[in-house]
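Undergrad: Quick one: structure below, then a few questions.
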Amino acid sequence: MKNLMKTSLFMTLVLMMAVGCQQKTSTNKKSSSTSNSSTGTGTIDLSTGNQTLDGCDGVYRADATSCYRSDIPTFTLSGTSTSTGVSIGPVLWSSRTSLPSTYSQNSFVTDATFKVRIKPSYPNANARSAQGRLCSGPMAYNFTRVKVYLMLRRTIDSITTYKEITAKVGAYSTKTALSIPGGTTEPYILEVVGIATDHRCNAAYGSLSANEKAACTAGTYWGSIPLVVSSAYPDALTSCAGITLEYSTDSTYDLP
């Protein structure tokens, strides 16, 4: 009888330990899941059911099939005028005409969500800007902040509603939602329709007024990228700014 009781007690303890281990595994561990080539390998959190794509630091969104898009090549923009005022237009960069032919325009299809962020950088010496200018090495580091004017449009739209996005060199901007025009199932066109920097706060570009100097000190000054034209050295003083642009849509994880 005693042996039978000991056996029953032992079996009860084994069963309790097995149940405890099973509960711990289901709440704390993740199960790997491999999907198609557009999404890569991911893991599913058994406690929430959320899928996390490996190597993606984006924000989970239900029904998302891929990470946010970070594969647009960094592009370089140069000055467009010699004035200090910032003008909107012409188009400086376009997803329809400025990307490699192998880049899928279908990644710009969305129903309700399109968010972007930028990361400015110093261009490489002798880089060629989207405006066809050769960027000067000596003038490459004369700015610390960049503002771009972005819009999302249909093929039938002109420059209308745009958003301003600012960031320091080497740092990401906050993510910004662009207005969705609607009324089409075709890919939208993402365009940079203006750019401003603090290039002109540098003494190399001439003198500023007292108010402009105060704005430079406060970090609130914005002006056009200086474009210096010289008949002897046409590219010697051309200033440029590099832009990395990332975006998310309905079908991707949200930007971080």
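Undergrad: On the protein heavy atoms, probe 1.4 angstrom, tell me the percent of accessible surface of the range 70-121 carried by carbon and sulfur.
TA: Taking all protein chains in place, the range 70-121 shows 47 percent carbon and sulfur surface.
Undergrad: For Lys213, give me every one of the aspartates and glutamates with a C-alpha distance below 17 angstrom, ignoring sequence neighbours fewer than eight places off in its own chain.
TA: Answer for Lys213, where 17 Å is the Cα cut-off: Asp198, listed by chain and number.
Undergrad: Give me the number: length gained by fully extending Asn106 to Ser94, i.e. 0.36 nm times residue separation minus the C-alpha to C-alpha distance, one decimal in nm.
TA: Gain on stretching Asn106 to Ser94: 2.9 nm.
The values are calculated or read from the model by the stated rules, or taken from the named source; none is laboratory data. Predicted model only: the values in this text are computed from it and were never measured. SASA here: full protein model, heavy atoms, side chains in, ligands and nucleic acids out. Shrake-Rupley method; radii C 1.70, N 1.55, O 1.52, S 1.80 Å.
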